[in-house]
Amino acid sequence: MAMTQKTLTYNDLKITPADIYEQMGYHGTTPDEATQQETLIIIDKVRTMLRPQFCFQVVSQLPPFEIGRIIGRQLQGSEAYALFIATCGREYETLQQQLTREGDMVRVFIADALGSVIAEKCADRMEDMLQESIDKLGWHHTNRFSPGYCGWHVSQQQLLFAQFGGQTCGVSLNDSSLMTPIKSVSGLIGIGQHVRRLEYTCGLCDFQQCYKRKRHPQ
């Protein structure tokens with residue numbers, strides 16, 4: 001399958017204030033009124049300038065990744081694999097840098113949380129489009145898995161990005177295999193007739209700082 005790329009808008013992501021508060025650590029509660037107002041200010045700044053993007057390609061054989069047993073088990077039964085990158089975009093990175101220079105640490109904190117939500121929601125929309133593309137085959141998809149999680153070393157980003165032939169939605173890697181813009185997500189998804197998406201099984205993984213563990217406490 002050819003590379004699929006798409007640029008989204010803020011409204012496409014369907015972000016709610018509750019999504020942002022959850023990422024900020026409020027976990028089902030609402031912050032004080034001043035924080036809510038600051039959150040709305042950041043959203044207004046972002047709404048018109050945001051250009052999140054994703055790209056994915058489907059390959060019949062998995063590149064020689066060292067994914068480990070946890071991800072390997074989840075991918076069993078896959079008939080093909082989707083490799084993906086999703087990002088909040090350079091525009092958002094520039095806004096975060098501007099807020100940092102201005103020194104308003106409350107807005108910096110809110111923007112950091114919102115950026116994480118944007119990247120994840122962009123990846124969600126990528127999953128939606130991927131599923132639409134395989135519906136005609138009667139196929140399903142697994143969870144998405146990223147280097148740095150579940151035993152898949154972050155250095156494997158280099159091999160993952162090499163599969164895209166330079167078409168990486170404007171995302172680059174540094175020597176430590178960290179992405180720029182920072183608020184980006186990459187990884188792989190198994191697809192096929194006999195796979196399915198599961199709740200994130202944090203009991204199988206010992207990485208305590210995983211964002212999925214925070215979202216789905218066990």
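The values are calculated or read from the model by the stated rules, or taken from the named source; none is laboratory data. Computed from a predicted model, the values in this text were never measured in an experiment. Every residue, glycine as well, gets a Cβ built from its backbone with ideal geometry; the counts of neighbours run over all protein chains shown. Protein only, heavy atoms only, side chains kept; ligands, DNA and RNA dropped before computing areas. Shrake-Rupley method; radii C 1.70, N 1.55, O 1.52, S 1.80 Å.
State whether the range 25-169 is rounded, prolate or oblate according to the following rule on the C-alpha gyration tensor (a ≥ b ≥ c being the square roots of its eigenvalues): a/c under 1.5 gives rounded; otherwise a/b larger than b/c gives prolate, and the remaining case gives oblate.
Prolate shape, in that a/c is at least 1.5 and a/b is the bigger ratio.
Could you tell me how far the Cα centroid of the range 162-181 sits from the Cα centroid of the range 35-85, in Å?
If we compute the Cα centre of each part, the gap is 13 Å.
Students often forget the sequence filter, so: which aspartates and glutamates lie under 12 Å Cα-Cα from residue 45 once same-chain residues fewer than 8 apart are removed?
List returned: 91.
Taking only C-alpha pairs under 8 Å that are 6+ residues apart, what is the relative contact order of the chain in percent? Write down the numbers at each step before the final one.
On the way: 352 pairs, mean separation 57.3, N = 218.
About 26 percent, as a whole number.
Quick one: accessible area per residue over the chain, 1.4 Å probe, rounded to a whole number of Å²?
50
Enumerate by residue number the GluC sites (Glu not before Pro) in the range 1-84 meeting two conditions: DSSP loop (anything except H, G, I, E, B), and at most 15 other Cβ atoms within 10 Å of the site's Cβ. Mind showing how you got there, number by number?
Numbers: sites: 22, 33, 38, 66, 79; in loops: 66, 79.
Here the sparse-neighbourhood loop sites are 66, 79.
Ignoring ligands, DNA and RNA, what percent of the 1.4 Å accessible area of the chain is carbon and sulfur? Working shown, then result.
Values: 5430 of 11000 Å².
Ligands and nucleic acids excluded, carbon and sulfur give 49 percent.
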